[in-house]
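Worksheet: the structure to be examined is printed underneath.
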Amino acid sequence: MDLRTILDLAHERDASDIHLVTGNPPMIRIHTVMTPIGDEVIDDETGWALLREMAPEGAMKRFNEIQDTDFSYSVEEIGRYRVNAHLQKGRVGIAMRTIKSSVPALESLNLPPVITQLTRLPRGLILVTGDTGSGKSTTLAAMIDALNARDEKHIITLEDPVEYTFESRRCLVEQRELGQDMPSFASALKHALRQDPDIILVGEMRDLETTALAMTAAETGHIVLSTLHTVNASQTVERIIDMYPANQQNQIRAMLAGTLQAVISQVLFKRQDGKGMTPACEILLCTPAVRNLIREARTFEIPNVIETNKAIGMQSLDASIAELYFNGMISREDAAVSNEGKPVTGTLNAASAQTASEVLRAKGLKVQSVRATDAGNSNSIFGRLKQLNSGKPTVKHVLDFTTQLAVMVRAGISLRVALEGIAEQTAHARFKAVLLALKADVESGKQFSEALTRHPQLFGPLYVNMVRASEMSGSFGSMLDRIAAYLQQQIETRKMVVGAMIYPGVIAFMAVGVTIFLLTFVLPAFGGVFEGKEEALPWSTKFLMGLSEWMVGNWPIVAGGAAAGLVGLVLVLKTEPGKVVLDKFKLGFPVVKGMFRALYISRSLQTMGELINAGVPMLDTIAITGDISGSRAYRSMWRDVHENIRQGRKIAGTLAGWPLLPHAVVQMIGAGEESGKLGEVLDEVSDYYARQLKDAIK
C-alpha cells in the first residue's frame with residue numbers, strides 16, 4: 001500500500017492521526033479510536049521508503065544524527081500534516097497529525113465567547129494548555145485567523161513545524177519553522193523583538209530561555225500566544241515558576257503576575273452525535289485578585305477565584321464538562337472518565353426522591369443516594385416549624401462560620417466544598433438554610449460578595465465590602481481572618497457595654513420598686529398614728545402621706561399611667577427625634593458619657609481602619625463607617641466627611657470642625673493622610689479607645 005493510498009483513506013474517514021510503524025499495518029485515529037487500514041504489514045524497506053518520500057533534506061539529516069525529527073508534509077488536494085519520525089526497536093516509526101487545509105473560525109469551535117474577547121487585548125501573555133491532541137494548535141490558529149481578518153497588525157509565528165498556514169489579509173503574517181527558518185525558539189524569539197511585531201505566536205514554551213523571552217515580549221507591549229502541556233490554570237502557573245531556580249522565583253512570580261492575561265486549558269471529547277470532537281475548557285482571566293495570588297504564591301486559591309467569577313467569563317474544567325454532558329454533547333462515560341471517576345453531587349428540582357432518581361437514571365447516571373435538601377424541607381410545615389423554633393441566627397453564628405471558612409480556604413479547599421461542609425456541621429436550621437443558599441449562588445457563578453448581599457440581616461455592608469475588596473485583591477483567606485477578628489471584638493465590646501449597664505439598671509429598678517412599696521404599703525400603716533396631728537407635721541411628711549393615700553385610692557390610674565408612660569417612652573425612642581435625644585443623653589450624662597464616647601470612637605475608627613486596609617474605596621469606607629458608628633451624632637459627622645471628600649477635601653480638615661473627636665485624634669488622622677499610613681494610624685487609635693472603653697466600664 002503506497003503513501004498516497006493511505007493518506008486518501010485517512011482523509012475519507014476524517015482521521016486526526018496516521019501511524020506508520022514498521023512491523024505493523026498502517027493505523028489511523030478517528031475520534032480518539034485507533035483503527036487499522038487493511039492487514040498489510042509495513043516492512044523495513046517500506047518504512048524507510050515512506051520516510052525518504054516525506055522528509056526534506058534537513059529533516060533527514062537530523063534523523064540520521066539524533067534518530068528523531070519533526071517536519072511538515074503537504075499533499076495537494078488532501079492537506080498538510082505535522083510529522084514526527086523516530087526509531088523504535090531500531091525500525092522506523094512515523095506519526096502524522098492531520099492539519100486542516102482551512103483554519104476554522106473561532107465561533108465554529110464551540111469555545112467560550114470570552115476567547116474572542118481575548119484577541120482584542122493590547123498586550124500580555126495568553127496561554128493555551130492541555131495534553132497532546134487537546135486542540136491547542138487549532139485554538140491558537142483560530143485566534144490568529146480572527147486577528148488577521150480584523151486588525152492591521154504584524155504577526156510572527158514560531159512553530160515546530162508550521163501547521164496551519166496563513167495568507168496575509170489585513171495583517172502581515174510571517175511564519176517561521178524550527179530547523180528550516182530558525183535554529184531554536186529562543187533565538188527566533190530574541191530576534192523577533194527587533195522585527196517590529198505586534199503579535200508573536202510561540203509554538204511551545206518548552207525551556208527556561210524561551211519562557212523568559214516570551215514574558216519579556218509580553219512585558220514590552222506585545223501580545224504573546226503560546227502553549228504548555230499542563231491540565232489546568234493553577235498547574236500552568238506553577239509549571240512556569242518551577243522552570244526557574246529557587247532564588248529567582250519571587251522575581252518571576254511578580255513578572256508573570258504582571259504579564260499573564262489568560263490561561264485556556266482544554267480537553268477534547270468525542271461528540272455523541274458523531275460530528276467530530278468538542279472542547280471542554282477551563283478559563284482563567286487575570287484579574288487583580290489572580291495577579292495577587294500569583295505574586296504571593298497562593299495559586300491553590302485560584303480555583304476559588306474561577307468558581308466565583310463565572311459572570312466575567314471564567315469557568316472551571318469540571319463545570320465545562322458538566323455543561324457539555326447536560327447539553328447532550330458528550331457521553332456519560334466520557335464525562336465520568338474526565339472527572340477521574342469522582343462521584344458527582346448536585347441538586348435537582350423534583351416532586352419526590354423517586355422522581356429525582358428516575359430523572360438521573362434516564363441520563364445514564366448510577367444513583368447512589370437521593371435526599372431532600374433543607375431548602376426543600378423549608379417549604380414543608382415541619383421544615384418551617386423547625387426553622388421557626390431554631391430562632392434567628394446571631395452574630396456568633398456568623399463569627400463561627402467566618403472562622404471556619406477562613407481555615408478551609410487557607411487549606412486549599414474550594415469555596416463551594418467549604419460552604420457545603422460547614423452547612424452540614426451547622427445545627428441551627430435557619431443559618432444552615434442561609435449557607436446552602438450561599439452555596440447555590442456560588443455554584444451558579446455569582447461572586448461570594450454578591451451572594452452575601454442577599455442576606456443583609458446577617459452580613460452587613462462592612463462584611464460584604466471587605467469580602468468584595470478581597471475578591472478584587474486576591475486576599476480572601478486573610479481577609480476572612482480580619483473579619484472574624486473584627487466580629488469577635490465587636491461581640492466582646494457589646495458584652496462589656498451590656499454588662500456595665502446591667503448594674504445601674506438593676507439599682508434603678510430596685511429604687512423605684514422600694515419607693516412604690518413604701519408609698520403603697522408602709523406609709524398607709526402610719527396613717528392612724530398621725531391622725532389628728534396633721535397640723536404638727538412638716539410639709540414634706542404631709543406631702544408623702546397625701547401621695548401615699550392618693551396612690552392607694554387610685555392605683556388603677558397609677559398602674560395604667562405608668563404602663564402608658566413606659567410604652568410611650570419606648571415609642572418615642574423609636575422615632576428619629578427620640579433617638580437624637582437619647583444620643584444626646586448618652587453623650588451628655590456624666591455617669592455614662594465617657595463610656596459611650598469611647599465606644600463610638602473605637603467602633604468608628606476600627607471600622608474605618610479595617611475597610612481602608614482591605615482596599616475598599618474611601619467614599620464607601622466613610623459611608624459604611626457612619627452607618628455602623630451606632631450614634632446619630634457620629635453618623636452626621638461621617639456623612640459630612642463623606643460630602644467633603646466628594647468635593648476633594650481632606651478628612652482631617654472636616655473632622656476639625658466637629659467636637660465629637662478629640663483634637664489629638666484629628667491631628668493623628670491628618671498625619672496618617674499625609675504619610676499614606678491612615679489605616680495603620682486608625683488601628684492604633686481605635687486600640688487606644690478600646691482600652692479607654694474597658695477602663696470606663698470598670
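Some points to look at:
- Looking across VAL580, VAL616, VAL591, one residue alone is in a helix (DSSP H, G or I) and either surrounded by fewer than 16 Cβ atoms within 10 Å (Cβ to Cβ) or out of contact with any Ser or Thr (no Cβ under 9 Å at 6 or more places or on another chain) (or both). It is VAL580.
- Any hit, the stretch 137-144, residues being over 23 Å from THR259 (Cα atoms), assigned by TED's automatic domain parsing to the domain that holds PHE269 and not aromatic (Phe, Trp, Tyr): yes
- Among the residues making up the stretch 195-211, those that are outside any strand (DSSP E or B) and either touching a residue at least 40 places away in the same chain (Cβ under 8 Å) or within 23 Å of ALA146 (Cβ to Cβ) (or both) are GLN195, ASP196, PRO197, ASP198, GLY203, GLU204, MET205.
- Among the residues here, ARG82 qualifies as at pLDDT below 90, part of a strand (DSSP E or B) and either within 50 Å of the chain's Cα centre (by Cα) or outside the structural domain of GLY179 (by TED's automatic domain parsing) (or both).
- Scanning the stretch 47-68 for residues that are over 30 Å from GLY276 (Cα atoms), over 53 Å from the mean Cα position of the chain (by Cα) and of a type in the set (A, V, I, L, M, F, W, C) yields TRP48, ALA49.
- The single condition among (1) assigned to a helix (DSSP H, G or I); (2) over 16 Å from LEU660 (Cα atoms) that ARG597 does not satisfy is (2).
- Entry remark, the stretch 278-303: residues being assigned to a strand (DSSP E or B) and of a type in the set (A, V, I, L, M, F, W, C) number 5 in total.
- Tally of residues being among the basic types (Lys, Arg) and not in a loop (DSSP other than H, G, I, E, B) across the stretch 118-160: 2
- Enumeration of residues in the stretch 1-46 that are surrounded by fewer than 16 Cβ atoms within 10 Å (Cβ to Cβ), acidic (Asp, Glu), within 27 Å of ASP273 (Cβ to Cβ) and touching a residue at least 24 places away in the same chain (Cβ under 8 Å): ASP8, ASP14
- Filtered residue count, the stretch 30-64, keeping only those that are in a strand (DSSP E or B) and in contact with a helix residue (DSSP H, G or I) (Cβ under 7 Å, 6 or more places away or on another chain): 0
- The set of residues in the stretch 388-447 that are outside any helix (DSSP H, G or I), over 21 Å from ILE306 (Cβ atoms) and of a type in the set (A, V, I, L, M, F, W, C) contains only ALA427.
- The sole residue among GLU163, GLU152 that is closer than 28 Å to LYS100 by Cβ and surrounded by fewer than 21 Cβ atoms within 10 Å (Cβ to Cβ) is GLU152.
- Listed conditions (1) in contact with a strand residue (DSSP E or B) (Cβ under 9 Å, 6 or more places away or on another chain); (2) outside any strand (DSSP E or B); (3) outside the structural domain of ALA146 (by TED's automatic domain parsing) are all met by LEU111, apart from (3).
- Of the residues making up the stretch 212-225, one or more are modelled with pLDDT of 95 or more, closer than 27 Å to GLU307 by Cβ and not β-branched (Val, Ile, Thr).
- The sole residue among SER226, SER234, SER187 that is without any contact (Cβ under 8 Å) to a residue 12 or more places away in the chain, among the small types (Gly, Ala, Ser) and not in a loop (DSSP other than H, G, I, E, B) is SER187.
The values are calculated or read from the model by the stated rules, or taken from the named source; none is laboratory data. These figures come from a predicted structure and were not determined experimentally. A quick note on method: Cβ atoms are made from the backbone with ideal geometry, for glycine too, and the neighbour counts reach across all protein chains shown.
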